[in-house]
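Asks: I am attaching a structure below and will ask some questions about it afterwards.
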Amino acid sequence: MSFWLRPLFLAAMIVLACLAPLGQGNYIIYILTSWLLFSVAAMGLNLTLGYAGQISLAQASFMAIGAYITALLTLAGWHWLIAMPLSLLACFFIGLLLGYPALRVQGHFLAFVTLAFNTLVFLVLRNEDWLTGGSYGLVGMPRPDFGIFNTAKQLQFYYFALAVTVVAALVMWGIVRSPWGRAFRALRENPMRAESLGVDTRRITLLAFAIGSAYGGLAGALVTPLVQFIEPGSFGLVHSLRILLMVVVGGAGFFFGPFVGAAVVILLPEFLRFTEGYYLLIYSALVIVMLAFAPNGLIGIGARLRARFLPLQARGDLAQGSRLK
Amino acid sequence: MTAPVLSIRGVSKSFGGIRAVRDVSFEVAKGEILGLIGPNGSGKSTLFNCVLGQLRPDEGDVHVNGKPVSGMRASELNKLGVGRTFQQLSVFPQMTVLDNIILAGQEHHGTMLSRLLGKPDAGLTGQAEELIAFFRLDHLREEKAGSLSYGQQKLLDAAMAFMAGPDLVLLDEPAGGVNLTMLADLRERLQTYNREHGASFVVIEHNMEFVMELSTRIIVLAEGEIIAEGAPEEIRANQSVIDAYLGS
């Protein structure tokens, strides 16, 4: 996507997101809010997996850590504005630690390391009931009140979540456009070459995990006041796989991929509800078709069309043989 | 007399019972282009990897600008002023030519934090464009590196090694797979860069014509040992080199 097209697309998405809940009932607004916070979680995984090429099946566990820290602190009377950054910091540092195995193992092995971490977090949340409430979870967390703006109502909370999502997206945009973003992509494409050009691949790998995990924590910090009831089952491995599906369906390594992917995974089943008992069947079939025909995700279709219909200067050179000019 | 840019003293490296490199010593002076040739399995790549920190020598040591570098990570070595190319194509295919070149220089500018908060191009677009023009890739600056022809990617690969202004560049078979027209361009560009910037090169190459015309001095390795050393014309006439490598 060109330099000017991307901000225009971002502005159009923000306008659409502002208009989307108007005139809708509480349930639809709740679904739209879920789309926003899963987009945040998927944005984080997109950095780790899509930009930096490090597989992770633990994003839901970071949502859990963020959600539980926010829940415990807000239940203890702390404001969300204090609880949220603490959740983010905790996830950042735990993500940093999770990144260490990535310095030694890659691919399937790394996937299993992160999968084990997700299971570990799930078991801790379920068994340490003195802190987490065990299988019964935690309930009654307040929604943030900012004095002039209270998020108690569903529509207000939606706009609050939208504001947080926009800020998170702008920060992510800054990261992926910066030299860090270039180093993340270099790590994905050719780590040995990146290292030979001065990129500290160890540090950049750890940062990819830490920042991606912090986004998971932010999503978790939004889940807590949204649902006001959290339990370990909401953050199991299946949810990490769902977030992975969002990144892959939307387009891994594309900035807007997570938003599109989260829309497909969260919103599409709701649109298909009119088919009653068949909606999951149709949804699964659609996902299979999408992945078969768009392996680079839905955003990747645009890039493929561009490559197909717009002749490249380099291709012209290839036709003439390998000459400089 | 100025200190050598690269100094290799008594380096030996074995793999199991096989001695890949045996007691190799030589120096590379500032501005020198040294060709390293020899048959397959002669120890050229092992020696390269000992210099680049990917292998730790069993014996001997390697100094760059007077500093010991054995076991040093490639990124640290790069910051000491060592650039390299790989035998296989080693560009970032999904990134544009411009981004490939900027990446090659960005880690030498500012701190980690300033690279996050500063300009997206780390202030390197101008310098990168000059280098792209120098290697005559300017008409391709916005193209993805992966869409370039093999020869163009090879040229980009070489250009990336020069972005950080290195004192020493190790080129691993830069001519491999490059057609004759582009080969002449590549040699001319490397010689011009060497002349204008005073960088030293060590070149591993099997293309004899290319390496003989590019280098100011040649070292010949066979079975892990130096069997000859001298100016290109001396090497061409050396009977032991002809017997071991060049043939009649």
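Asks: Taking θ = phi - 60°, what integer Hz values does the Karplus form 6.51 cos²θ - 1.76 cosθ + 1.60 yield along region A:153-166, in sequence order, with x for Gly and Pro?
Replies: Values per residue, Gly and Pro as x: 7, 4, 5, 5, 5, 4, 5, 4, 5, 5, 4, 5, 5, 5 Hz.
Asks: Hey, for a label at A:ARG306 modelled as a point 7 Å past Cα toward Cβ, could you say which residues of region B:81-104 have their backbone N under 20 Å away?
Replies: Those under the cut-off are B:92-103.
Asks: Compute the separation of the alpha-carbon centres of region B:58-123 and region B:155-169 and state it in Å as a whole number.
Replies: 9 Å
Asks: Quick check: the distance between the Cα centres of region B:185-248 and region A:43-115, to the nearest angstrom?
Replies: That distance is 53 Å.
Asks: A follow-up question, please. What number, rounded to the nearest 500 deg cm²/dmol, is the helix-based mean residue ellipticity at 222 nm of chain B, given -39500 (n - 2.57) per DSSP H run of at least four residues and division by all its residues?
Replies: -9500 deg cm²/dmol
Asks: Could you line up B:LEU6, B:LEU116 from fewest to most neighbouring Cβ atoms inside 10 Å? Present the calculation step by step, with values, prior to reporting the outcome.
Replies: On the way: B:LEU6 23, B:LEU116 15.
Result, fewest neighbours first: B:LEU116, B:LEU6.
Asks: Pick out, from A:LEU96, A:LEU197, A:VAL124, the residue whose Cα sits farthest towards the positive end of the charge dipole of region A:26-236, with +1 on the Cβ of Lys and Arg and -1 on the Cβ of Asp and Glu.
Replies: Farthest towards the positive end: A:LEU197.
Asks: Taking region A:1-80, which chymotrypsin sites (Phe, Trp or Tyr not before Pro) meet the DSSP loop condition and have no more than 16 other C-beta atoms within 10 Å?
Replies: A:PHE3, A:TRP4, A:TRP78
Asks: May I pose another question? Could you list B:HIS108, A:HIS239 so that the one with the fewest beta carbons within 10 Å of its beta carbon is first and the one with the most is last?
Replies: Arranged by neighbour count, lowest to highest, B:HIS108, A:HIS239 become B:HIS108, A:HIS239.
Asks: DSSP loop GluC sites (Glu not before Pro) in region B:138-219 with at most 15 other Cβ atoms within 10 Å of their Cβ, which ones?
Replies: Hits after loop and neighbour filter: B:GLU142.
Asks: Oh, and also: Among the lysines, which fall within straight-line cross-link reach of B:LYS144, defined as a Cα-Cα distance under 21 Å, with same-chain neighbours fewer than 8 residues apart omitted?
Replies: Within reach: A:LYS325, B:LYS154.
Asks: Pairing the Cα long axis of helix A:5-19 with the longest principal axis of chain A, what angle in degrees results, from 0 to 90 and rounded to the nearest 10?
Replies: 20 degrees
Asks: I would also like to ask the following. What order do you get for B:MET182, A:MET192, B:MET72 when you list them from fewest to most C-beta neighbours inside 10 Å? Walk me through the numbers before you get to the answer.
Replies: On the way: B:MET182 22, A:MET192 12, B:MET72 19.
Ascending number of Cβ neighbours within 10 Å: A:MET192, B:MET72, B:MET182.
Asks: Relative contact order of region A:26-236, please, whole-number percent, based on alpha carbon pairs below 8 angstrom and at least 6 residues apart.
Replies: Dividing the mean separation by the residue count of region A:26-236 yields 46 percent.
Asks: Assuming R0 = 60 Å, can you tell me the calculated FRET efficiency for the pair B:GLU188 and A:GLU270, based on Cβ-Cβ distance, to the nearest 0.05? List each step's numbers first, then the result.
Replies: Working: r = 64 Å, r/R0 = 1.06.
It comes out at approximately 0.40.
Asks: Continuing with this model, one more query. Quick check: residue separation of A:ALA20 and A:VAL124 times 0.36 nm, minus the Cα distance between them. What number comes out in nm?
Replies: Between A:ALA20 and A:VAL124, full extension yields 33.6 nm more.
Asks: How high is the relative contact order of chain B, in percent, with contacts defined as C-alpha pairs under 8 Å that are six or more residues apart?
Replies: 26 percent
Asks: Restrict the search to region A:141-236; then list the chymotrypsin sites (Phe, Trp or Tyr not before Pro) that DSSP places in a loop and that have at most 14 other Cβ atoms within 10 Å of their Cβ.
Replies: Working: sites: A:PHE146, A:PHE149, A:PHE157, A:TYR158, A:TYR159, A:PHE160, A:TRP173, A:TRP180, A:PHE184, A:PHE209, A:TYR215, A:PHE229, A:PHE235; in loops: A:PHE146, A:PHE149.
Those that pass, being in a loop and sparsely packed, are A:PHE146, A:PHE149.
Asks: Same structure again: Nearest 10 degrees is fine. How inclined is helix B:180-197 to the longest principal axis of chain B, computing both from alpha carbons?
Replies: With both axes taken from Cα atoms, the answer is about 80 degrees.
Read-outs throughout are calculated quantities, based only on the coordinates presented, and are distinct from any laboratory measurement. None of the values given here were measured: they were computed from a predicted structure. Cβ atoms come from the backbone with ideal geometry, glycine included; neighbour counts cover every protein chain shown.
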